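Below you'll find the structure, written out as structure tokens, and then a few comments.
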Amino acid sequence: MKEGIQKPILEHMLTLKVGPDTLDELYALGWRHSGLEFYRYNLARYKSEWRNVIPLRIRLSEFRMSRSQRRTASRNSDTRTVIRPAYPNFEADELFMRHSSRFDERPPSSLAEYLFIPDPARVPSETLEAAVFKADRLIATSYFDVGRESVSGIYAMFEPDEERRRLGIYTMLKEIEFAIASGRSFYYLGYTYEGCSFYDYKKQFIGTEAFDWEGRWEPFARRGSQ
């Protein structure tokens, strides 16, 4: 990535339907979505300073789990994960409220910020969830879009009292597992920031590439846990 603050990019659009091929194209150009709003931006305010925003993706042909990620998978071997169409339900709403209490600044107000609640599985695109159960208790769930050649994480949440399990990483690993098993080429991690930030956990995956905001994806130097 280039050093220094970039020329600002800030774009938004609302749409009720995005097909799988168009979804691939949008994610490849650094777009994200929450509910019906698609957006992309390359600058963000973080802890009183402006940071360059870096879209990340994993080239799945290059991916393998690190030692730390294998430990996370093993730690959650007593759980059961169900991949299913995303749908609103009371259990997920309650989990969302407990999880959102972890945020110090700008906490999300509801799942509706991330999902088109009346029909999140189909609008604006195909969206699935990875629901993680310990016995019959939902302890984590994550939502992800499915394109023709790509899968993209939207939002993940977990029980705060199960933090030692690293369930945010675990649900990402389950999404990656789904993407590989279904023959996709890329898994989009979303945005991180230049320098240290809350989003550094996204920088720990083998096979990660970064978008340079000029149409190119380049190998990204992995950081953090091995």
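Values quoted throughout were computed directly from the atomic coordinates according to the rules given, and no laboratory measurement underlies them. Nothing here was measured: the structure is a model prediction, and the numbers come from that model. No Cβ is skipped: glycine too gets one built from the backbone with ideal geometry, and neighbour counts run over all protein chains shown.
The base-10 log of I(q)/I(0) for the stretch 162-226, evaluated at q = 0.25, 0.27, 0.29 Å⁻¹, reads -1.30, -1.38, -1.42 [Debye formula, identical scatterers on Cα atoms, solvent excluded].
Calculated mean residue ellipticity, 222 nm, the chain: -6000 deg cm²/dmol, from DSSP H runs (n ≥ 4) at -39500 (n - 2.57) each, averaged per residue and rounded to 500. Put in line by how crowded their Cβ is, counting other Cβ atoms within 10 Å and starting with the fewest, Ser182, Ser48 read Ser48, Ser182. Exposure proxy for Leu189, Leu138: other Cβ atoms within 10 Å of each Cβ, ordered fewest to most, give Leu138, Leu189.
When Rg and the Kirkwood radius Rh are both evaluated on Cα atoms of the chain, their ratio Rg/Rh stands at 0.93. What is the calculated FRET efficiency for Ile117 to Met65, with r their C-beta to C-beta distance and R₀ = 35 Å, to the nearest 0.05? Given R0 = 35 Å and the Cβ-Cβ separation, E is 0.55. Reported to the nearest whole Å, the Cα centre-to-centre distance from the stretch 41-89 to the stretch 120-192 is 8.
Based on Cα contacts under 8 Å between residues 6+ apart, the chain shows a relative contact order of 27 percent.
Qualifying trypsin sites (Lys or Arg not before Pro) in the stretch 1-88, where qualification requires a DSSP coil assignment and no more than 14 other C-beta atoms within 10 Å, comprise Lys2, Lys17, Lys47, Arg64.
The number of Lys pairs in the chain with C-alpha atoms less than 18 Å apart, excluding pairs fewer than 8 positions apart on the same chain, is 4. Ranked by how many other Cβ atoms sit within 10 Å of their own Cβ, fewest first, the residues Phe178, Phe133, Phe211 fall in the order Phe133, Phe178, Phe211.
Extension gain for Arg216 to Glu91 (0.36 nm times residue separation, less C-alpha to C-alpha distance): 40.9 nm. A Förster radius of 25 Å, combined with the Cβ-Cβ distance separating Arg164 from Tyr41, puts the computed FRET efficiency at roughly 0.15. Considering only the Cα atoms of the stretch 28-94, their convex hull presents on average a projected area of 8.4 nm². Shown for the stretch 97-218 is the translational diffusion coefficient from the Stokes-Einstein equation, using the Kirkwood radius over Cα pairs, a temperature of 20 °C and a viscosity of 1.002 mPa s: 136 µm²/s.
Which one of Glu162, Glu214, Glu129 has the biggest mean-square fluctuation once the chain is modelled by GNM with Cα springs under 10 Å? Of the options given, Glu214 has the highest mean-square fluctuation.
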